[in-house]
Every structure is written in C-alpha cells, then in structure tokens.
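See structure below.
The values are calculated or read from the model by the stated rules, or taken from the named source; none is laboratory data. Keep in mind that what you see is a predicted model, and the values were worked out from it rather than measured. Virtual Cβ from ideal backbone geometry, glycine too; neighbours counted across all protein chains shown.
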Amino acid sequence: MSFKQRALASLALSLAICAGPATAHAADDGLITKPSKYSVKETVARFEAAVNQKEAAGFMVFTEIDHAAAARKFGFDMRPRTLILFGNPKVGTPAVIKTPLLAIDLPPKALVWEDDQGKVWLSYNSADYLFNTIYNRHGAAVPPAATAAFAKLLDEIAMRRRSRPARPIAASER
C-alpha cells in the first residue's frame, strides 16, 4: 500500500470513527419529538393546559419564550418556535437549593415548532436524559422512582398533542 493510499485509508477511518458516535448521538440524544395535528399556538395552549391540570401534583408553567417574535424584532424571518418552561417546584426547588448550578438546566423545557414543510412538532428532553444526564452532570441525586414517574407524566401531557405515531426526527430536521 502506497503512502497516499495509507493516508486516504487513515483519513477515511478517522472520519468513520468521528461520524459514528455523532450519528448515534443524534439518533439517541435524549430528545423526544412528537407530531401535533394543531398549529403551534394551539399546541402551546394545549400543552400548557395539560401541565396546569397537574397543578395538584405541583406542576406549573413558568413562562414561554416566542423565538419567532424575538427574531422578527431584529429583522429575521423564522418559522414559529415557542419554548415552554414548566416543572414541579416541589421537586425541583430542593434540588436547586442543594445544587445551585442545576438551575442553569431547570426547569424542564418543551419546544413547539413548525418545520419547513409546515408540520408542527413538540420536543422535550426525556425523563431519563433529565435525571441521568442533566442531574448527573451537576452531581445532584435523583430518587430512583422519579425518572419513571416523570417519564409517565411527560408522556401523558404530550400524548394529547399527538395526531399520528411518533417518528424519530433526524438532527437536520430539528
């Protein structure tokens, strides 16, 4: 094998090694994305109503951020994208008191967005990602039952928005 062939083979192997994990990460990055049969505005309203129905359990909507409105203010054209900050202060507050930097990642967020084809989606971090990655990176402890309970709650809230079965969303579509 010539030097040029070895160099090309080495480059190809390096690219394959670098692209492999990135592709796997994009396919399993902790994001759950579900389609909505409603407009962004209606999906936001329905998601917030579903969260607020869980108020007795301590859940609430903190605020929403309209990325498209902010973009318009500065002359950019962006499809609708609304970020909803929601959570359970009964659970999150003690963790943030004990681990202050956890507040950079809490409360949880949901993104309601429209793709280039006009389809509306709801995306959020999985409970497993929230508790096993986010909490872990801050050294915050998570009660074992919390992950399954929060995953169930997220699915209940998001399920009402779905019009067809969820499909994996490629990173390029996000």
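Screening Val61 against (1) more than 13 Å from Ser123 (Cα to Cα); (2) not in a strand (DSSP E or B) leaves a single unmet condition, (2). What are the residues in the stretch 43-91 that are charged (D, E, K, R) and more than 19 Å from the chain's Cα centre (by Cα), if any? Within the stretch 43-91, Lys54, Glu55, Arg72, Lys73, Asp77, Lys90 qualify. Summed over the stretch 76-107, the residues that are touching a residue at least 40 places away in the same chain (Cβ under 8 Å) and touching a strand residue (DSSP E or B) at 6+ places or on another chain (Cβ under 8 Å) give a count of 5.
Determine, yes or no, whether Ala49 is loosely packed, with under 15 Cβ neighbours inside 10 Å and of a type in the set (A, V, I, L, M, F, W, C). Reasoning before the result, please.
Details: loosely packed, with under 15 Cβ neighbours inside 10 Å: yes; of a type in the set (A, V, I, L, M, F, W, C): yes.
So Ala49 passes the test.
Quick check on Ala57: is it of a type in the set (Gly, Ala, Ser), out of contact with any Lys or Arg (no Cβ under 9 Å at 6 or more places or on another chain) and exposed (fewer than 15 other Cβ atoms within 10 Å of the Cβ)? Criteria not met by Ala57.
Please verify whether Ala149 is farther than 18 Å from Thr63 by Cβ, surrounded by fewer than 17 Cβ atoms within 10 Å (Cβ to Cβ), of a type in the set (A, V, I, L, M) and modelled with pLDDT under 95, treating the condition exactly as stated.
Numbers: farther than 18 Å from Thr63 by Cβ: yes; surrounded by fewer than 17 Cβ atoms within 10 Å (Cβ to Cβ): yes; of a type in the set (A, V, I, L, M): yes; modelled with pLDDT under 95: yes.
Judged against the criteria, Ala149 is a match.
For the stretch 72-98, enumerate the residues that are aromatic (Phe, Trp, Tyr) and either part of a loop (DSSP other than H, G, I, E, B) or exposed (fewer than 14 other Cβ atoms within 10 Å of the Cβ) (or both).
Passing the criteria: Phe74, Phe76.
Every condition in (1) in a loop (DSSP other than H, G, I, E, B); (2) surrounded by fewer than 13 Cβ atoms within 10 Å (Cβ to Cβ) holds for Leu101 except the one numbered (1).
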